1. Hey, can you tell me all the residues within segment 102-147 that are hydrophobic (A, V, I, L, M, F, W, C), within 16 Å of the ligand (Cβ to nearest atom) and farther than 20 Å from Y57 by Cβ?
2. Within segment 119-132, does at least one residue satisfy the condition of being free of Cβ contacts under 8 Å to residues at least 24 places away in the same chain and out of contact with any Asp or Glu (no Cβ under 7 Å at 6 or more places or on another chain)?
3. Considering every residue within segment 29-37, establish whether at least one is at pLDDT 95 or above, over 15 Å from the mean Cα position of the chain (by Cα) and among the charged types (D, E, K, R).
4. Can you find a residue that is assigned to a loop (DSSP other than H, G, I, E, B) and within 16 Å of the ligand (Cβ to nearest atom) anywhere in segment 25-37?
5. Which of the following residues is within 15 Å of the chain's Cα centre (by Cα) and either at negative phi or not basic (K, R) (or both): S136, S144, S80?
6. Pull up segment 38-55, narrow it to residues that are exposed (fewer than 13 other Cβ atoms within 10 Å of the Cβ) and on the phi < 0 side of the Ramachandran plot, then point me to the one that is farthest from the ligand (Cβ to nearest atom).
7. How many of the residues in segment 1-24 are part of a strand (DSSP E or B), within 15 Å of the ligand (Cβ to nearest atom) and not aliphatic (A, V, I, L, M)?
8. If we keep just the residues of segment 56-92 that are among the aromatic types (F, W, Y) and either in contact with a His (Cβ under 7 Å, 6 or more places away or on another chain) or part of a loop (DSSP other than H, G, I, E, B) (or both), which is surrounded by the most Cβ atoms within 10 Å (Cβ to Cβ)?
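The values are calculated or read from the model by the stated rules, or taken from the named source; none is laboratory data. A quick note: this is a predicted structure, and the numbers were derived from the prediction, not measured. Because the Cβ atoms are built from the backbone with ideal geometry, glycine has one as well, and the counts that use them run over all protein chains shown.
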Amino acid sequence: MKNYTGYQSDFKVKFQAAHRLPFESAGKCSRIHGHNFEVDITVRADALTPEGFTVNYHDIKKYFEKFDHRLILAMDDNISKMSWPVDWVVWVDRSPTTENLVELFAEGICELTHSRNDAVADCVVSMELRETENISASTSFGWSKGE
Ligand SMILES: [Zn+2]
C-alpha cells in the first residue's frame with residue numbers, strides 16, 4: 001500500500017519593485033528606491049492537484065507579477081494621498097519592510113495554494129525574500145482548511 005505523508009515543492013521567483021519605509025529611522029530607505037527582489041519559496045501540502053502540483057508555478061509567477069515593476073507602498077503612508085497612475089502602485093496593509101513583505105507573500109502563496117488546490121487541507125509556505133546581498137528575511141506560514 002502506498003502511503004504519502006505530503007509533498008514539498010521549491011520555487012524561485014525574481015521581480016523588480018520599488019518601495020519606501022515611511023518612518024524617519026529608516027534613513028535613506030525612507031526615500032523611494034528599487035530592488036531586484038529574489039524569492040525562495042517552499043510549499044508543503046498534504047495533497048496534489050489533479051494535474052499533480054502542490055501549486056502550479058505559473059500561478060506563483062502570476063502572483064508576483066502583480067508586484068513586478070511597481071511601487072509598493074503602505075496604505076497609511078502619507079504619500080498615499082498623492083495621485084499615482086493607477087497601475088504604478090501596489091498598496092499593502094503594512095510597512096513594506098523585507099520582513100513584512102515576506103510575511104505578506106507567504107500568506108498570499110498559502111492562500112493561492114488553497115484556492116487552486118481543492119484537495120489540500122494543510123499548507124505550509126516557507127519563504128526567503130532577498131532585497132540586497134546584505135538584507136533578507138524569511139518566515140513560515142501555515143494554514144489548515146477549517147481554521
Ligand atoms: Zn529597500
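1. Listed by number, the residues that qualify are I135, A137.
2. Initial filter on segment 119-132 (free of Cβ contacts under 8 Å to residues at least 24 places away in the same chain): none.
No: segment 119-132 contains no residue that is free of Cβ contacts under 8 Å to residues at least 24 places away in the same chain and out of contact with any Asp or Glu (no Cβ under 7 Å at 6 or more places or on another chain).
3. yes
4. So in segment 25-37, the residues assigned to a loop (DSSP other than H, G, I, E, B) come out as 31-32.
Restricting the remaining residues to those that are within 16 Å of the ligand (Cβ to nearest atom) gives 31-32.
Yes: segment 25-37 contains one or more residues that are assigned to a loop (DSSP other than H, G, I, E, B) and within 16 Å of the ligand (Cβ to nearest atom).
5. Values: S144 fails: within 15 Å of the chain's Cα centre (by Cα); S80 fails: within 15 Å of the chain's Cα centre (by Cα).
Result: S136 is the single residue among S136, S144, S80 that is within 15 Å of the chain's Cα centre (by Cα) and either at negative phi or not basic (K, R) (or both).
6. Step one: of segment 38-55, the residues exposed (fewer than 13 other Cβ atoms within 10 Å of the Cβ) are 50-52.
Remaining after also requiring on the phi < 0 side of the Ramachandran plot: 50-51.
Values: P50: 40, E51: 37 Å.
If we take residues in segment 38-55 being exposed (fewer than 13 other Cβ atoms within 10 Å of the Cβ) and on the phi < 0 side of the Ramachandran plot, then P50 is farthest from the ligand (Cβ to nearest atom).
7. Of the residues in that region, 3 qualify.
8. Pass one, segment 56-92, residues among the aromatic types (F, W, Y): 57, 63-64, 67, 84, 88, 91.
With either in contact with a His (Cβ under 7 Å, 6 or more places away or on another chain) or part of a loop (DSSP other than H, G, I, E, B) (or both) added as a condition, the list becomes 67, 84, 88.
Values: F67: 23, W84: 13, W88: 11.
Across segment 56-92, the extreme among qualifying residues is F67.
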